Amino acid sequence: MAARKWTDADTARMVELHAQGVTLTAIAKDLDRSKAVVSRYAALQVPPLSFDRSATAAATQAKVADAKSRRATLQLALLEDAEKLRTQLWQECVVFNFGGKDNTFEQRTLAKPPFADQLKIMQATGVAIDRSLKLDDHDSGAGAAAVVGLLQQTAAALGIRDETDTAPPVE
């Protein structure tokens, strides 16, 4: 199905609504057009029509804060998981075997898990701790500082300087 052509009436209505402070989304809905189409035609006006994005910015900031809060909760849960896993290293455990030609079931209680199971528990504990630390690094911005430092070192090694650089050139 072919798209409806944009008309002078659409342009007039868009300009009228924009002058009233109506949002891009509301204009698109009023005209029964996509936001992309309305935005494209708004940009063609002389002067181009722009839309207040403060509500979008506030919503984005709220989503970022919500995500950070969820990561903090997840980080704590991962640390709790690591603690629970680690305590299993030294607790009594039940090992079992099911099968054989007579399809029998046997179980034994051991003072602590077998070595292979202890190794798997330690690996899982390490993964939980590592992931929790990665979440912390993500929210602290420590990675960004490391990247900036690496770029500065690379620029210095290449002899690239800017007006804010106070270090002497590398020779």
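The values are calculated or read from the model by the stated rules, or taken from the named source; none is laboratory data. Computed from a predicted model, the values in this text were never measured in an experiment. Glycine gets a Cβ as well: all are built from the backbone with ideal geometry, and neighbour counts include every protein chain shown.
Just a few scattered comments:
- Pick from region 35-72, criterion β-branched (V, I, T) and surrounded by 11 or more Cβ atoms within 10 Å (Cβ to Cβ), ranking: nearest to the chain's Cα centre (by Cα): T60
- The lone criterion from (1) under 18 Å from K84 (Cα atoms); (2) part of a helix (DSSP H, G or I); (3) free of Cβ contacts under 8 Å to residues at least 24 places away in the same chain left unmet by K134 is number (1).
- In region 30-47, the residues that are under 15 Å from T7 (Cα atoms) form Cβ pairs under 8 Å with partners that are part of a helix (DSSP H, G or I) and β-branched (V, I, T), at six or more places apart or across chains, as follows: L31/V38; V38/I27; Y41/T11; Q45/T11; Q45/V15.
- A Cβ distance below 7 Å, combined with a sequence gap of six or more or placement on separate chains, defines the contacts here; from region 62-73, residues that are of a type in the set (D, E, K, R) reach residues that are part of a helix (DSSP H, G or I) in the pairs K68/D139; R71/L135; R71/H138; R71/D139.
- Scanning region 1-25 for residues that are free of Cβ contacts under 8 Å to residues at least 24 places away in the same chain and surrounded by 13 or more Cβ atoms within 10 Å (Cβ to Cβ), we see that the one that is farthest from S54 (Cα to Cα) is R13.
- Qualifying residue in region 48-56 (condition: at pLDDT below 85, among the aliphatic types (A, V, I, L, M) and closer than 30 Å to W6 by Cβ): yes
- Test: residue in region 104-116 that is outside any helix (DSSP H, G or I), at pLDDT 95 or above and surrounded by 13 or more Cβ atoms within 10 Å (Cβ to Cβ): yes
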